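Reading through the structure tokens given below for one structure.
The values are calculated or read from the model by the stated rules, or taken from the named source; none is laboratory data. Quick caveat, the model's predicted, so the values are computed rather than measured. FYI the Cβ positions are ideal-geometry reconstructions off the backbone, even for glycines, and counts take in every protein chain you see. SASA here: full protein model, heavy atoms, side chains in, ligands and nucleic acids out. Shrake-Rupley method; radii C 1.70, N 1.55, O 1.52, S 1.80 Å.
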Amino acid sequence: MSQQEDQNRMLRDAVTTFAARDTSIARVRELRDSAPGFDKAVWKTIAELGWTGIMIPEEYGGMGLGLSEMAAVLEEFAKTLSPEPLNPSAVLAARALLHGGNEALKKKLLPGIASGEILPALAWQESEGGIDPLALATRAEGGGLNGGKRFVFPADADGYLVSAQSGNGPVLYWVEKGTAGLTVEYESRADGTRCGRITLRNAKVSDSQLAASGKTAGAALQRAVDEATLMAGAELLGVMSRALEITLEYMRIRVQFGKPIGSFQALQHRAVDLFIQKELSFSVLRDALLHLAADPSGLSLWASRVKYRCSEAGMRIGRESIQIHGGIGFTDECDIGLYMKRAMVLSAWLGNGATHRHRYAALAPAEAAA
Amino acid sequence: MQTRDWDKMADEAFRLEVRGFFQKQYPEHLRFPAYHLRWADTKDWYKKLVDKGWAAPGWPKEWGGMGLSPSKLLIFIEEQERHGVARTPDMGIILLGPLLIKFATEEQKKRFLPPTLRGEYIWCQGYSEPNAGSDLANLKTEAVLDGDEYVINGSKIWTSYAMDATHMFILVRTDKQAKKQEGISFLLVDMKTPGITIRPIRNLLGVEVFAQVFLDNVRTPAQWLVGKPNQGWTMAKALLGFERISIGSPKLAQTGLKRLEAIVQSQGLTRDPAFMDRYTQLRLDVADLASAYGRFADLLKRGETLGPDVSILKIVATETFQRLTELTLEAAGDAGALGGKVAFRKDSVDILSPFYNARPATIYGGSNEIQRNILAKNVLDLPG
Ligand SMILES: Cc1cc2nc3c(=O)[nH]c(=O)nc-3n(C[C@H](O)[C@H](O)[C@H](O)COP(=O)(O)OP(=O)(O)OC[C@H]3O[C@@H](n4cnc5c(N)ncnc54)[C@H](O)[C@@H]3O)c2cc1C
């Protein structure tokens, strides 16, 4: 076994222990439609296990590991349906800060993010959504931020990294919660979590809060968003794998017409097709991680390939699992619906399948690929 | 009360009359509801239908119905759907009424039809059981004759509107020795009878529309058995025809298309040829579904009975609607997982409720897998 595989195995085992000891589907149900929508004590446990710092370099108090290790943890973690915002905070927000150029701010915030004391969120999308981090309507001028951000998750963060357009190109500011001029409203999501709709009315910011500007800001945002997009693929893989397991198990035990429904060929072929989609998702994610470990360029392309496949496969497995369950699949008490709803959220987040299909076509024109 | 001879009226005139009534009388805020309404929501509207004499369009006039022929009934339903008129918990009107009219004794008709029409009796359908879904004939709830009463034991599940219902029509096993389909009877039960417990079940939308109903030594009068003992299966099956065509109506898909249209415009998707191609595909699917529906509707209008090929309609209608709700989520983009009414530039649209509600349509009324089995066997004449 390579050192990498060893490392990933250990990380996965740690999540399995976490899954058995610190979380349960009952807990997930309990937290739906609550505020802030996750459990701060569990977040602390997650931080103690080191997962919030997996992708933060050691010099800032993290583990200094890479996408492959993070993917291993997120895939397993996602199987538990825990609502704690691991990818959004530990990848999307933390990495945007890290890829920025404000050393003092990194020293101030990253150790706290790694240790779980600071919960950050990246506020990068405008109200219309879309995956281009430089399509910015929010303005930074005269030492204040003005505009609106949407789909911010976690909505109740300790601070928000807010992207905006300034006279000198894009900028990224750290804005603490409670800052005058910053208000947060909530929108509920299919899985019972909530994302934030942030309004900025001349929210004052100073240079010490400037995480990145100009080209650095653009590159930091793009890279962090792509990394989190790839990781959302790992989460989707976890969700669809578990959903398929549950469904296959149901096909073995549910009896109609004197036989397990899993013996009906119509359902067998359906299950095989779902399995194939899951295997394709696994394959493209694995390939992406191998390639990116050797050559980090091409991140956007790989992120789109992964997110496209995993979003579509996750949605399909979610929907068809309901169908295969029959009436019980349409109930709230049956867990399978929770998996479908999480797949819906992850699939819409950071660009859905169609959006990434488009970006793939733009990044890899068919002629060039041939 | 109007007791006119609707069938003498020209179709178009009838259509306009029905349309006018809905436009004038149906509460605006209940149009095109995104989720199933409960009796409390629709009660007042139902009262209006009763006063007008329109509560049971398909029943014969002698029982207070409108006495519509199949063709007029289809027009009535089309107008109902066109205006977005919600269905009330109407199983008594749509499913039970015709069955009683065909199979019940005069006394039973007198006893049950008038209060059902007036909305005093709200019925639920107790067919499915935990272990008898697709394989309905496997039902185990048992009824044993004791003097002049049947004593019922067992449980029913997925019973829609059980919480609102005053009565239930139920399939029970009355002969355990007979072959599966041959030992089943059709009984009526008062929901207030001791021994009935209702456990409401929350659905994917988070609301309680169906329930599990437990029957523990529930006594119902022997005169409440409809038809002959052990003939329940044949009776229940005899009525499936009209249900299958109404589940195949293109209206849900047409309404879904309108919702999608608002999002397409708001999101600027008309400039995306790849999206527009898939959107157009769906529009054609909906249009052709309407054509297929028209074809089967014409058969009914001519007084012919529908064959097993009507299953096509259920498959196309429910699956087209599902794909439509899926494309709607996709078109909504980042907002595609937001709950409640989501504000888009052109309109506010609830995208999740239709997506969830589209799911069980391929499960109930005979799942789409079962419909395909029927088509393969009875229409394509394949072996096995
Ligand atoms: C919203 C809703 C409302 C309902 N309302 C009522 C009501 O008011 N009254 C009532 O009596 N019932 C009601 N039902 C129950 C409904 O009729 C059953 O859910 C349906 O018959 C399927 O049965 P099941 O749920 O047990 O699924 P199962 O029969 O267990 O089916 C599970 C899966 O196996 C598949 N399957 C089963 N047999 C075969 C086969 N031979 N070949 C291939 N695939 C097969 C099915 O298609 C399905 O995908 C309702 C259901 C729903 C979802």
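When Lys and Arg each count +1 and Asp and Glu each count -1, what net charge do the other residues less than 9 Å away from B:Thr166, Cβ to Cβ, add up to? Show your work: numbers first, answer last.
Values: positive: B:Lys192; negative: B:Glu120, B:Asp164, B:Asp190.
Result for the neighbourhood of B:Thr166: -2.
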> What do you get when you divide the Cα radius of gyration of chain A by 2.2 N^0.38 Å, with N the number of residues?
Replying inline: 0.99
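Given Cα pairs under 8 Å that are at least 6 residues apart, what percent is the relative contact order of segment A:1-139?
Details: 151 pairs, mean separation 35.7, N = 139.
Computed over segment A:1-139, the figure is 26 percent.
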> Which aspartates and glutamates, on any chain, are close to A:Lys40 with Cα under 15 Å apart, when same-chain ones fewer than 8 places away are left out?
Replying inline: A:Asp22, A:Glu30, A:Glu48, A:Glu84, A:Glu117, A:Asp156, A:Asp158
> Along its principal axes, what span do the Cα atoms of segment A:220-363 show, with the longest given first and each in whole Å?
Replying inline: 58, 26, 23
> Which aspartates and glutamates have a Cα less than 12 Å from the Cα of B:Lys180, not counting those fewer than 8 places away in the same chain?
Replying inline: B:Asp135
> For segment B:123-230, what percent of Cα pairs sit more than 16 Å apart?
Replying inline: 55
> Average partner chain C-beta neighbours within 10 Å, per residue of B:326-335?
Replying inline: 6
> Under the definition of partner shielding as Cβ atoms of other protein chains within 10 Å of a residue Cβ, what is the mean value for peptide A:255-261?
Replying inline: 3
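Efficiency by 1/(1 + (r/R0)^6): what FRET value for A:Glu59 and A:Lys259, r their Cβ-Cβ distance, R0 = 45 Å, to the nearest 0.05? Walk me through the numbers before you get to the answer.
Details: r = 61 Å, r/R0 = 1.36.
Here the calculated transfer efficiency is 0.15.
Of the beta bridges DSSP finds with both residues in the protein assembly as shown, what % are antiparallel, to the nearest 5? Before the final figure, lay out each step's value.
Values: 66 of 76 bridges.
Percentage antiparallel, nearest 5: 85.
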> How big is the equivalent ellipsoid of chain B along its three axes, where each semi-axis is √(5λ) from the Cα gyration tensor, reported in whole Å from largest to smallest?
Replying inline: 36, 25, 22
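What total accessible area, in Å², is buried where chains A and B meet, using a 1.4 Å probe and rounding to the nearest 100?
Working: alone 16130 and 18860 Å², together 31760 Å².
Counting both chains, the buried surface is close to 3200 Å².
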> How much length, in nm to one decimal, is gained on full extension between A:Asp335 and A:Glu117, taken as 0.36 nm per residue of separation minus their Cα-Cα distance?
Replying inline: 75.3 nm
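Using a 10 Å cut-off on Cβ atoms, rank the peptides A:317-327, B:190-200, B:252-262 from the highest mean neighbour count down.
Numbers: A:317-327: 23.3, B:190-200: 13.8, B:252-262: 19.6.
So the peptides A:317-327, B:190-200, B:252-262, ranked by packing, come out A:317-327, B:252-262, B:190-200.
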>> Treating segment A:233-276 as a set of equal point scatterers at the Cα positions, no solvent, please give the Debye-formula log₁₀ I(q)/I(0) at q = 0.13, 0.28, 0.31 Å⁻¹.
In response: -0.31, -0.96, -1.07
> With each pseudo-label sitting 7 Å past Cα toward Cβ, what's the B:Leu380-B:Glu120 distance in nm, one decimal?
Replying inline: 5.2
> Under 20 Å from a point 7 Å along the Cα-to-Cβ line of B:Arg295: which residues of segment B:305-337 have their amide N that close?
Replying inline: B:305-321
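Leaving out ligands, DNA and RNA, and with a 1.4 Å probe, what % of the accessible surface on segment B:21-60 is carbon or sulfur?
Working: 1110 of 2170 Å².
Taking all protein chains in place, segment B:21-60 shows 51 percent carbon and sulfur surface.
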>> Given axes a ≥ b ≥ c from the Cα gyration tensor, I'd like to know whether segment B:83-158 is rounded (a/c under 1.5), prolate (a/b larger than b/c) or oblate.
In response: oblate
> For chain B, what relative contact order do you get, as a whole percent, if you take Cα pairs closer than 8 Å and at least 6 residues apart?
Replying inline: 13
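Equivalent ellipsoid semi-axes for segment A:3-115, as square roots of 5 times the alpha carbon gyration tensor eigenvalues: give them largest first, rounded to whole Å. Please list the in-between numbers first.
Details: eigenvalues 115, 66, 22 Å².
Result for segment A:3-115: semi-axes of 24, 18, 10 Å.
Could you tell me the relative contact order of segment A:240-284? Use alpha-carbon pairs under 8 Å, at least six residues apart, and round to a whole percent.
On the way: 22 pairs, mean separation 14.0, N = 45.
Computed value for segment A:240-284: 31 percent relative contact order.
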> Quick one: how many lysine pairs in segment B:5-57 have C-alpha atoms under 23 angstrom apart, if they're 8 or more apart or on different chains?
Replying inline: 6
>> Per q in 0.16 Å⁻¹, report the Debye log10 I(q)/I(0) for segment B:177-276, using one uniform scatterer on each alpha carbon and no solvent.
In response: -0.99
>> Out of the total accessible area of chain A (probe 1.4 Å, heavy atoms of protein only), what percent is carbon and sulfur?
In response: 53
>> Please compute the alpha carbon radius of gyration of the protein assembly as shown, then divide it by the globular-protein estimate 2.2 N^0.38 Å. Two decimals is fine.
In response: 1.07
> Along the charge dipole of segment B:6-88, Cβ charges K/R +1 and D/E -1, which of B:Leu37, B:Leu68, B:Phe21 sits furthest on the positive end?
Replying inline: B:Leu37
>> Highest mean first, how do A:188-198, A:286-296, B:96-106, A:71-81 rank when packing is the count of other Cβ atoms within 10 Å averaged over residues?
In response: A:71-81, A:188-198, B:96-106, A:286-296
> How many partner chain Cβ atoms sit within 10 Å of a residue's Cβ in peptide A:124-137, on average, as a whole number?
Replying inline: 2
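Can you divide the C-alpha Rg of segment A:122-256 by 2.2 N^0.38 Å and report the result to two decimal places? Display every interim value, and only then the final one.
On the way: Rg = 18.8 Å, N = 135, 2.2 N^0.38 = 14.2 Å.
Expressed relative to 2.2 N^0.38 Å, the Cα Rg reads 1.33.
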>> Checking buried surface per residue: for segment A:328-346, which residues lose a minimum of 50 Å² accessible area in the protein assembly relative to the chain alone (1.4 Å probe)?
In response: A:Phe330, A:Asp332, A:Glu333, A:Lys341, A:Met344
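Under the 0.36 nm per residue contour assumption, what length would be gained going from the current alpha-carbon distance of B:Leu16 and B:Leu30 to full extension? It would help to have the intermediate numbers written out before the result.
Working: separation 14, 0.36 × 14 = 5.04 nm, distance 2.08 nm.
Extra length available between B:Leu16 and B:Leu30 comes to 3.0 nm.
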> What residues does segment B:174-202 have that are buried by at least 40 Å² of accessible area in the full protein assembly compared to the chain on its own, 1.4 angstrom probe?
Replying inline: B:Arg202
> Which three lengths, in whole Å and largest first, does segment A:180-265 cover when its Cα atoms are put on their principal axes?
Replying inline: 71, 28, 17
> What ranking do B:36-43, B:329-336 get when scored by the average of other Cβ atoms within 10 Å per residue, highest first?
Replying inline: B:329-336, B:36-43
> Pairs A:Lys44/A:Lys108; B:Lys110/B:Lys314; A:Lys107/A:Lys215; B:Lys102/B:Lys176; A:Lys259/B:Lys156; B:Lys72/B:Lys140: which exceed 31 Å Cα-Cα?
Replying inline: B:Lys110/B:Lys314; B:Lys72/B:Lys140
> Can you give the accessible area per residue of segment A:120-216, in Å², using a 1.4 Å probe?
Replying inline: 38
